[in-house]
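Derivation of every value follows stated rules applied to the coordinates shown; laboratory data play no part. Treat the numbers as computed from the prediction; the structure is a model and nothing was measured. All Cβ positions, even for glycine, are placed from backbone atoms using ideal geometry, and neighbour counts span all protein chains on display.
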Amino acid sequence: MSWEVVIGLEVHCQINTDTKAFCGCSTAFGAEPNTQTCPVCLGMPGQLPVLNTLAVDKTILTGLAIDAQINLESKFDRKNYFYPDLPKGYQISQFTIPLVEHGHMDITTKDRGDRRIGITRIHMEEDAGKSMHEGLDAVSHIDLNRSGIPLMEIVSEPDMRSADEAIAYLKNLHQLIRFLGVSGADMEKGQFRCDANVSVRRPGEELGTRTEMKNMNSFRFIKQAIDYEVMRQIEVIEDGGKVVQESRLWDSVKSESRSMRSKEEANDYRYFPEPDLPPLRVSQLEVDNIKAGMPELPHQLRSRFEAEFGLSAYDADVLTQTRNLSDWYETLVAAHPADPKRCANWMANELLGRLKELNKNIENAPVSPSEFGKLMDRIGDNTISGKIAKDVLDAMLESGKSADAIIEEKGLKQVSDTGAIDTMILDIMAANQGQVDAYRGGKDKLFGFFVGQVMKASKGKANPGMVNQRLKELLQG
Amino acid sequence: MPFSSLSHIQDRLNTGSTTAVEVAQLYLNRIAAHNDTLNAFVHIDADHVLAQAAASDKHRAEHGARSLEGLPIAVKDIFCTQHGPTQCCSNILKDFHAPYDAHVITKLKEAGAVLVGKTNMDEFAMGSSNETSAFGPCRNPWNTDYIPGGSSGGSASAVAAALTPAALGTDTGGSIRQPASLTGITGLKPTYGRVSRRGIIAFASSLDQAGPMTRTVKDAAMITSVISGHDSGDATSVADAPELDWLAACDKTDMKGMRIGVPKEYFVDGMDAGVRASVEEALKQCEALGAELVDISLPNTKLAVAAYYVIAPSEASANLSRYDSVRFGHRCENPEDLLDMYTRSRDEGFGTEVKRRILTGAFALSSGYYDAYYLKAQQVRTMIQQDFISAFENVDIIATPTSPITAFKLGEKTDDPLTMYLSDIYTLAVNLAGLPGLSQPCGFSADLPVGLQWIAPAWREDVLLGAASAYEGATDWHNKTPQAFEQTSGGES
């Protein structure tokens, strides 16, 4: 009998405010340890939190983007536990009444098509500091620069049925967050971290016992960890055992998970309302204002690109992966509106692939939309062929020179002169009389051979359309 | 002069008949003479006091006087100050120096006050007798075998013995009013949110409020007018609190038309007979001043102690988690591992009463008990608030004894925390309701001071100050001084 997999995800996403959630310290990444701290985020005696309202606005914006309910009155709670990188001995979070509830995210999956994933809640909380044990002998070091950085925790319903669905949800969420500009969501910097709750059951049965895979920050590891955990749980049950409710840690080096702590050892966080902060009240007017400033979302942009520019679903998807990509594309089309489809094709298939090979992305591409657009124009006006254009693009990326300069410099201008093309064709026919006879005798396939020969002789510069046309005529005899 | 009010000293400074340095020196001499007996101060830096006084005299000469120019004010060891240690009378904060001033300390400095030193208190303000202090108990100047009350016992003792003309305390369940009552001085707890808590070491955040402890009602008004006001650094400090004319509120000389509520639940069997007699006499005096006494009921009063001793320890259990020996404070020798460091450091650093409250609070918040304790206590809190709101529909102000008993002997109740907790039975409800309360002297029982407590609606400290001023003007209790401390130079006459 088959197994059904049930997955719910909790995403911790760093809100990209300049200052921390409850004090004025900088949130800049990569500073010397403990240089971005103050008495508040160090948990010094008598210090009090003051809420960063920009972080509230960004959480509301995220809530609106997932069609959620914004609670006009929410509240903060203290989550109590001892750890050296948690200065106050409690984390300020939202437990009973979060700012955002009841949203959703649509995904498309291979096996089950379009799916709507429920988002239970988004609540605000502060990050802890960072403990460092590696390379230290019998001591640990603590960096509290991260202490107090604002996070939103985005909690999904247990609506996903495979690791692929989980990844599709996470990628959509990641894309949305970045489009909204509410988080850098840089996974390597820990700005977008995921806990996965995984269980298995026979279809139709009650939910099985779940385990929680903690603190993963790469899509690849998340998929591996979920797949591993699903297999592990199925084996446990099929061997007659029971899944133990516990937190597990994914070891990406060994590609296996190990138990962190079981339910019995789990902390009792002794949540209670944070008395240092009054209930968080926002007005409907504020919510409406935030809504009015909502940027175009990825799915809206995709539809528009398809409708307005006639793009394929694939190209539209590729070019809306990030706001920078779609902006770059729109700048390109605005400056060179002749053929938006060609622009999209070339950007999606040629430019992005090359940038990837160069370890660059659209933000630091060595070519500007306007230069790239001129290259498109040179294809459009038959100055160069598409094939030559690829070489020109390579040269542009390498040298930073303009398309026209490269075409001029390397003499790549397409040969569209009938006389010159005829001369080349006749020379090639003379040199390959046997093939000419065979072609005329009915071997049509040899046409391609002649095209190749002409292009070779012209070093690719001959106008392919004209070559085709003239070849046909001259070979007819 | 030593037993002068702040406003009297201010008059003398303003007329040039004395200087801030002279005043500071006088009180420093008295501290030198009497602090060994009272243990009211836990930290004094005489040079620093005199330097502040000299700077104040200079400021007066060059720029004129600010509102508290040159006036000595002592502060409880719970207020963080950049100068000198801030230890909350706990071993866990032994030798801790805060790199910042509490907001109210900044306000006092800006007003030209001279900060005298840090006064003794119950450890982390947890206690009603000042006996839980890590620096030893403080004594009551009226009889040094007796406690001064708590937790602001040092501030109370210091003002009562005129080691300072005024002091700041904090009041979480009566910690300003009860010791004021037990030492025969005036103490004001403002409305919750009136005074910023930033830089005041937290005990129970939803209840803590700082206030003055003084010889007169007007002195209390002078200080409160300076330390109150919105602070954007404390989210619970109220931004749109009604402004008051603090000093004008003290001009009242009668109680004509004032309806004073007298809650029957505050006059019960078991209270000290002398306390009852003094308070009843005080109420008669109020009638004579034109007030109308109205019998009222605050039916949920009896639940206040239980609710308080769930809510305050719950908040405290989290507030005191930061004393984990990681970044500051006491750390045990040679910890074996992290858990050992936590447990041993905290075991060594905290005293018995503090541990008792942390455990009580952690228990009340723990999974499976939260609803029965913390949530229930919050419901009771709402009921108590409602009691007061209903009562104030019919009366302008409420009068009660501040404490059911007068000061008790050192050690008398230390083994019996429950009886100790009951000494705050009349003050706790005021904190739970967030209301302003004031205690002023109204007589003696067996040679120990008795306090009269006034309770007003939220933000109506003017009503408190008006009633208390009228009563003070018609009586002489605030002028009584403990004989043993009348001389400045110790036992000599």
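Miscellaneous remarks
- Chain B: relative contact order as a whole-number percent, Cα under 8 Å and 6+ apart: 19 percent
- Relative intensity of the stretch B:120-267 on a log10 scale, I(q)/I(0) at q = 0.15, 0.18, 0.20 Å⁻¹, equals -0.81, -1.08, -1.22, per a Debye sum over C-alpha point scatterers of equal strength in the absence of solvent.
- Rounded to 5, the percent of DSSP beta bridges in chain B classed as antiparallel: 70 percent
- Net charge, B:SER133 excluded, C-beta distance under 9 Å - Lys, Arg +1, Asp, Glu -1: -4
- Near the amide H of A:ASP251, within less than 5 Å, lie the amide hydrogens of A:GLU256, A:SER257, A:ARG258, all on another chain or at least 5 residues away, with H placed in the peptide plane.
- Simple Cβ-charge dipole of the stretch A:4-287, Lys/Arg +1 and Asp/Glu -1, about Cα centre, in debye nearest 20: 140 debye
- Of the residues B:TRP477, A:TRP250, the one with the fewest other Cβ atoms within 10 Å heads the list, and the complete ranking is B:TRP477, A:TRP250.
- Residues of the stretch A:191-211 with amide N under 16 Å of a point placed 7 Å along Cα→Cβ from A:GLU238: A:200-203
- Check: the protein assembly as shown dipole with +1 on Lys, Arg Cβ and -1 on Asp, Glu Cβ, in debye: 1880 debye
- For the stretch B:202-217, the Karplus equation 6.51 cos²θ - 1.76 cosθ + 1.60, evaluated at θ = phi - 60°, returns couplings of 6, 9, 10, 4, 7, 10, 4, 7, 8, x, x, 10, 9, 8, 9, 5 Hz by residue, with Gly and Pro reported as x.
- Length-normalised contact order for the stretch A:4-287 - Cα pairs under 8 Å, 6+ apart - percent: 24 percent
- In terms of surrounding Cβ atoms within a 10 Å radius of their Cβ, B:GLU69, B:GLU412 rank from fewest to most as B:GLU412, B:GLU69.
- Cα lying deepest toward the dipole's positive end in chain A, options A:ASN16, A:GLY135, A:ALA403, charges on Cβ: A:ALA403
- Cα gyration tensor shape for the protein assembly as shown, rounded if a/c is under 1.5, else prolate or oblate: prolate
- Calculated FRET efficiency, B:GLU110 to B:THR382, Cβ-Cβ distance, R0 = 56 Å: about 0.90 to the nearest 0.05.
- Separation in nanometres of the label points that stand 7 Å from Cα toward Cβ, at B:ASN143 and B:ALA277: 1.4 nm
- Tensor-based shape of chain A (alpha-carbon gyration tensor, a/c under 1.5 rounded, otherwise prolate or oblate): prolate
- Straight-line cross-link partners of B:LYS252 among the lysines, defined as a Cα under 17 Å from its Cα and at least 8 positions apart when in the same chain: B:LYS218.
- Anisotropy class of chain B from Cα gyration tensor, a/c 1.5 cut: rounded
- In this structure the amide hydrogen of B:ALA166, modeled in the peptide plane, comes within under 5 Å of the amide hydrogens of B:ALA74, none closer than 5 places in sequence on its chain.
- Positive-end extreme of charge dipole, the stretch B:65-211 - chosen from B:THR191, B:SER152, B:CYS138 (charges on Cβ): B:THR191
- For the stretch B:82-92, 3J(HN,Hα) per residue [Karplus equation, 6.51 cos²θ - 1.76 cosθ + 1.60, θ = phi - 60°, Hz, x = Gly/Pro]: 5, 8, x, x, 10, 10, 6, 6, 10, 5, 6
- Nearest-ten-degree value, helix A:369-380 long axis tilted from longest Cα axis of chain A: 30 degrees
- Placing dummy labels 7 Å off each Cα toward the beta-carbon, the span from B:GLU412 to A:LYS459 is 11.1 nm.
- Residues B:THR360, B:THR37, A:THR27, B:THR186, arranged from fewest to most other Cβ atoms within 10 angstrom of their Cβ, appear as B:THR37, B:THR360, A:THR27, B:THR186.
- With K and R counted +1 and D and E -1, the other residues having a Cβ less than 15 Å from that of A:GLN94 yield a net charge of -4.
- Label sites at B:GLN483 and A:GLU409, each approximated as a point 7 angstrom past Cα along Cα to Cβ, lie 10.8 nm apart.
- The GluC sites (Glu not before Pro) of the stretch A:325-403 include none that meets both criteria, a DSSP state outside H, G, I, E and B (loop) and at most 12 other C-beta atoms within 10 angstrom of the site's C-beta.
- Given charges at Cβ of Lys, Arg, Asp, Glu: the stretch A:418-476 dipole, positive-most of A:ALA431, A:GLN469, A:PHE449: A:PHE449
- Our coupling estimate for the stretch A:311-323, obtained by passing each phi through the Karplus curve with A = 6.51, B = -1.76, C = 1.60 and θ = phi - 60°, is 6, 5, 4, 5, 4, 4, 5, 4, 7, 10, 5, 9, 4 Hz, Gly and Pro reported as x.
- Averaging Cα coordinates gives a centre for the stretch B:1-49 and one for the stretch A:186-239; these two points are 69 Å apart.
- Under 5 Å, built H, 5+ apart or other chain: amide partners of A:PHE95: A:ASP77
- Across the cross-link table entries B:LYS107/B:LYS256; A:LYS387/A:LYS456; A:LYS20/B:LYS376; A:LYS390/A:LYS472, which are compared at the Cα atoms, the separations over 24 Å belong to B:LYS107/B:LYS256; A:LYS20/B:LYS376; A:LYS390/A:LYS472.
- Fraction of C-alpha pairs exceeding 23 angstrom in the stretch A:253-339: 61 percent, rounded to a whole number.
- Mean separation of Cα contacts under 8 Å, 6 or more apart, over the residue count of chain A: relative contact order %: 14 percent
- Low-density loop cleavage sites - GluC sites (Glu not before Pro) in the stretch B:307-410, where at most 16 other Cβ are within 10 Å (DSSP): B:GLU333, B:GLU336, B:GLU393
- Within straight-line cross-link reach of A:LYS110, lysines at Cα separation under 19 Å, skipping those fewer than 8 residues along the same chain: A:LYS171, A:LYS223
- A cut-off under 10 angstrom between Cβ atoms defines the neighbours of A:SER156, and their net charge, with Lys, Arg +1 and Asp, Glu -1, is -2.
- Measuring spread by the Cα atoms of the stretch A:430-477 yields a radius of gyration and Dmax of 10.4, 30 Å.
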